[in-house]
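In what follows, a structure is listed as structure tokens, so that the remarks can point back to it.
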Amino acid sequence: MSDRGANYRYVSRKRRAREDRRFIAGKGRFAADIAVPGMKHVALVASPHPRARIRSIDASRALESPGVHSVLTGDELSAETAPLFNGLDIPNVKWFPLAVGMTRYAGEWVAAVVADSRYLAEDAAELVEVDYKPLPAAVEIESLLDSDSPPVHPEHGSNVLVRKNFEWGPVEEDFARSEHTLAYRARWGRSSTVPIETFGVLSRWDPIREILDVWASIQMPNYQEQIANALGIPTNAIRVYNDVDVGGSYGVKRGIKHTVITAYLARKLGMPVRLIEDRLDNMSGGDAHGPDRLFDVTLAFDGDGTIRSMKLRAIDDVGAYPGRGPLQLGKPITALVGPYRLSSVAYEAISVTSNKTGQVPVRGFGQSPTNFMIETGVDLVARRLGIDRMELRRRNLIESHEFPWRIPTGTEYDSGDYRAVLDKTLDLADYDSLVARRDAARAAGKLAGIGIATCLEPGGGNNIFEQLLNEKLEITTFVESCLMRVDMHGNVTAVMSTTTSGQGHETLIATIAGEELERDPDSIRVTHADSLEALPTRSPVASRMAIVLGSATSEAARKIRSKMIKIAAHNLGVGEDRVEYQTGTFFVRGEPARKLEWNEIAGIAHRQFHRLPPGTDPCLQEFSVLQVPGASGQLPNEKKEIQLYPCFSFQAHIPYVEIDPGTGKVEVLDYAIGHDCGTVINPDIVRGMIVGGLAHGIGAALYEKFAYDEDGQFLAGSFVDYLLPSSHEIPMVKDVEHCTPSPKTSLGQKGSGEGGYLGAPAAIASAVNDALAPLDISLAELPMRLCDIEAAIHEKRTERTE
Amino acid sequence: MKAAEFDYIRADSVAAACEALAAAGPGEERKIVAGGQTLVPLMAMRLARPSLLVDIDGIPGLAGIDSVDGVVAIGAMTRQRAAELSPAVRSELPLLAKALRFVGHPQTRNRGTVGGSLVHGDPAAEIPLVAVALDAALEAESTGGRRVCPADGFFETPMVTAVAPDECLVEARFPVWNAGRIGTGFREVASRQGDFAIVAAAAQVALDGDGTCTRVAAALGGVAPRPVRIAALEDALTGTRLEDRAIDAALASVEAVIEPDDDLHATAAYRGRVAKVLLGRAIREARDEALA
């Protein structure tokens, strides 16, 4: 951690994000902007049935259609490639990019047509004749636990993919000594991140150099490794270009199956092949849905509101092809008890497969549903005991002097001041006036409510929780790296090795490098090395880049600075300890006239070997590769305890809503959020994450759902039916920052990429329930659709009349 | 999301458009495109696949608003936004002006047309609802000449209207109420602003000097295969002073008229209950406006 406190030159200062320039000018370079000579286009044939046997596929008419080069089916592709990666240990669940023998959800891709244009490819795709035998589908989440539910993957034997029981701390004792228990159910609907840019990929095979070039809208760890495994080619025969701008992701840009289709076709046909999902491809067949969870929870607590323990069962419907999705049941273990002082917790995690589109990681990797579950319970306890919800939280929040605080699962929270953030947020919301406003609205016959959520954003991506769900995943290394050089003219270039999907990594690196080197961040060039030119990255998931890449940037910069000081000392004829560096000048302490400028040192390093200290390598280039700061690097112990993510950001949300009792329509009229992500690197970027995250969370709370009917037919394949909130639905957001630096990172920074999304669904649900409290209604199913809210109001009023 | 192949004709007159439609073979799916805000996305998704598209966007004189002899005539190509901002519509058809604000978003209203919305015939759409509420007359042309259809009967089933495949709607004529103090009310509920209404309600009332209701029009959208008038309610309220109690009692007649369905966004039961809530509010809004 820095000893410079708040005296930063560039860090935490309001400076324009450097990426903005190209995006605002319309000069971003996205996957669909990249064209290479001879490029062909893919359109997909999708299954209309939730579950069906494929009797035959006749592509003869499609192949005769103008401009068509090939029609690829699952039979061919599965014979020529290996199955895609599953996070769980489920060897009999085989995932191929195209359906093999059976379709497992409505919208699943059955064949891929390659043609000269996407128009021609779509024309031909309609001519592919697939003979299906429709079968009953496995749909409803609880029914998937039954042994007689239609088997999604018959070879696996059941629709339960994994079922794990964990117990941390003295659960039974805590329950026995608590004065009350309260059981409840919470339901998180199937929503996701739905980026403006759908997934797109272009693959080109060079048979002479034996290199597969891949340009993709990707945000995924181990991408080239997964491509190599599927195609059976060496990892060093794959070059993924990381300088492709990614137009939104928050976890979902995981087009491995798209990539394998195009890469296979590019090699087979000797033509560059690209696949750009259209919206329907993306929403129905892109395997980009998020968690779909049913929580059954019991809390144990005392009459004074002290919550001691929680027993939790989570069923997660991961759809037909699990991929990495099910591991989202593991991440929340990182902060399973939220910001509260629970001393024990029991967790049953169940992952089930269904005839629905596959699940991918979504912003927070399962933390937002978990936060919603926890906060729902805290509000219910408050209602049961008649204790004010803010007060109940105060009584249970970990206090600032208690850090580092170890939760029952073995993870230590690094730092925080939760009460201070809550108090700041109450001030920001002008809470007393807000209460008066609510009460006045109620007196005027409206339903009005104030929401509250106090919750955590674990950051850093120390993903050893994977091993808790799959013992075979013994991965304990989660690195990021930064290569930095100062050239002969003194100009600084920093190299990262991942794509960016809106997080502002160039700003992050330039700001931190600028701070460490006392150079104007705008003068620092940041590039994205391709996958052959850099170490693999874990990719910008898990709010980890400020933490891990940021710390690596600091370290690389500090190495550069030390080397320059060493060269300066040698040339100034003093010991290194007597050289001081300030804004581009190296001088002897107390004798400012004895100095060397930055550019002179750079020149010496590159060109004047005779002026280098003996034994010093020429040139100025340093490299830093970092494991997650503060990670033990070990596997969980026999009690399944383990330090997971290193840094814990905190948020307090206070929205105000009014509900039209006649229509059930919720209006979010006001929103205050307090936020602590330690040292803020760039305030605009953090605010963007907060506000964008809030919008994302309001969508999950009130509007967004990938709905299926009871037969498994997909109902929400367009923006007419999958309802994203627009600016009309998002209130003006007031935010306030608090800074509790993390002791584990270079400048005290923590993660902030999951932003407001981790608390907004819980907070909106809390506000709706506060509005409905006078009617004694409590809802815990997201999204809270207006017709469900109206139905609950209607039912209660009918009861009362009767 | 690439449209299937189609022929495209840009007509320079209504006659030319009608000739193009008539010349098409009987098996051809013919469509007129005006603002394209509904049809083009449907074509991109291949849910609509006309083989012939006749574009009437460039026809002179097909857009425009005239107010003559107690009738506001709106040309079929008139942009929804132009109608919304038209002084004639605002002063003489305030119900339509109110409804237009709920049609999509300003961006789509800049392209979408009044005629296009009428011919599309979405049972929850605002412009058809107002046409039914105000007894608009809809004039269509074909190579055989022009004919006028009353709004009552124009809307048949969802997305099906009385306009034949070889006809082009040219004008919608809305009668203006002049007698007494006029008030209007328009209410709808949608999941998000700008969405298709789940339920929409339109009301227009005329009160005489002492506040007695001499005329009332009330209609609902989103609760039947077409926008529906609630005639029994209109009859019951005519002659009352539109007291809250009278309105609430009259709303009972809604149930007999509507045939709501379930869909992804709302249940039939919801639509039924909310229809009464919104129509009650629309009538009260109209009453209060007339009295103001």
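The values are calculated or read from the model by the stated rules, or taken from the named source; none is laboratory data. Every value quoted in this text rests on a predicted model; they were computed, and no experiment measured them. Note that each Cβ is placed from the backbone with ideal geometry, even for glycine, and that neighbours are counted across all protein chains shown.
Below is a table of values for the structure above.
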| item | result |
| --- | --- |
| Of all residues in the stretch A:199-211 being surrounded by 24 or more Cβ atoms within 10 Å (Cβ to Cβ) and more than 16 Å from residue A:271 (Cβ to Cβ), the one that is nearest to the chain's Cα centre (by Cα) | A:199 |
| Criterion violated by residue B:217 - all others in (1) among the aliphatic types (A, V, I, L, M); (2) without any contact (Cβ under 8 Å) to a residue 24 or more places away in the chain; (3) not assigned by TED's automatic domain parsing to the domain that holds residue B:114 satisfied | (2) |
| Members of the stretch B:254-275 found to be more than 9 Å from chain A (Cβ to nearest Cβ), of a type outside the set (Val, Ile, Thr) and not in a loop (DSSP other than H, G, I, E, B), listed by number | B:255, B:256, B:268, B:272, B:275 |
| Matching entry among B:36, B:58 (being exposed (fewer than 15 other Cβ atoms within 10 Å of the Cβ) and either within 30 Å of residue B:175 (Cβ to Cβ) or touching a residue at least 12 places away in the same chain (Cβ under 8 Å) (or both)) | B:58 |
| Whichever residue in the stretch B:195-218 is in contact with a Leu (Cβ under 6 Å, 6 or more places away or on another chain) and hydrophobic (A, V, I, L, M, F, W, C) and, among such residues, is nearest to the other protein chains (Cβ to nearest Cβ) | B:199 |
| Residues (touching a strand residue (DSSP E or B) at 6+ places or on another chain (Cβ under 7 Å), of a type in the set (A, V, I, L, M, F, W, C) and more than 8 Å from chain B (Cβ to nearest Cβ)) located in the stretch A:703-741 | A:706, A:714, A:733, A:736, A:739 |
| Filter result (among the aromatic types (Phe, Trp, Tyr) and either loosely packed, with under 11 Cβ neighbours inside 10 Å or under 44 Å from the mean Cα position of the chain (by Cα) (or both)) within the stretch A:585-618 | A:586, A:598 |
| Qualifying positions in the stretch B:143-194 - among the charged types (D, E, K, R), in contact (Cβ under 8 Å) with a residue 60 or more places away in the chain and within 14 Å of chain A (Cβ to nearest Cβ) | B:187, B:188 |
| Residue within the stretch B:61-68 that is within 24 Å of the chain's Cα centre (by Cα) and either within 14 Å of another protein chain (Cβ to nearest Cβ) or crowded, with 22+ Cβ neighbours inside 10 Å (or both) present | yes |
| Filter result (buried (at least 22 other Cβ atoms within 10 Å of the Cβ) and of a type in the set (A, V, I, L, M)) within the stretch A:508-544 | A:508, A:509, A:510, A:512, A:513, A:517, A:524, A:526, A:541, A:542 |
| Test: residue in the stretch A:562-584 that is in contact with an Asp or Glu (Cβ under 6 Å, 6 or more places away or on another chain), part of a loop (DSSP other than H, G, I, E, B), surrounded by fewer than 23 Cβ atoms within 10 Å (Cβ to Cβ) and in contact (Cβ under 8 Å) with a residue 24 or more places away in the chain | yes |
| The one condition in (1) among the hydrophobic types (A, V, I, L, M, F, W, C); (2) farther than 20 Å from residue B:222 by Cβ; (3) at pLDDT 95 or above that residue B:251 fails to fulfil | (2) |
| Of all residues making up the stretch A:340-359, the number that are touching a Gly at 6+ places or on another chain (Cβ under 6 Å), assigned to a loop (DSSP other than H, G, I, E, B) and of a type outside the set (Ser, Thr, Tyr) | 3 |
| Residue check, residue A:717 modelled with pLDDT under 95 and outside any helix (DSSP H, G or I) | yes |
| Residue in the stretch B:219-228 that is within 13 Å of chain A (Cβ to nearest Cβ), among the charged types (D, E, K, R) and under 26 Å from residue B:153 (Cβ atoms) present | no |
| Answer from A:297, A:214 - the residue that is surrounded by fewer than 22 Cβ atoms within 10 Å (Cβ to Cβ), of a type in the set (Val, Ile, Thr), modelled with pLDDT of 95 or more and outside any loop (DSSP other than H, G, I, E, B) | A:297 |
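Per-residue answers, yes or no, for (1) in contact with a helix residue (DSSP H, G or I) (Cβ under 9 Å, 6 or more places away or on another chain); (2) closer than 30 Å to residue A:559 by Cα:
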{"site": "A:442", "(1), (2)": "yes, no"}
{"site": "A:453", "(1), (2)": "yes, no"}
{"site": "A:456", "(1), (2)": "yes, no"}
{"site": "A:469", "(1), (2)": "yes, no"}
{"site": "A:492", "(1), (2)": "yes, yes"}
{"site": "A:496", "(1), (2)": "yes, yes"}
{"site": "A:500", "(1), (2)": "yes, yes"}
{"site": "A:506", "(1), (2)": "no, yes"}
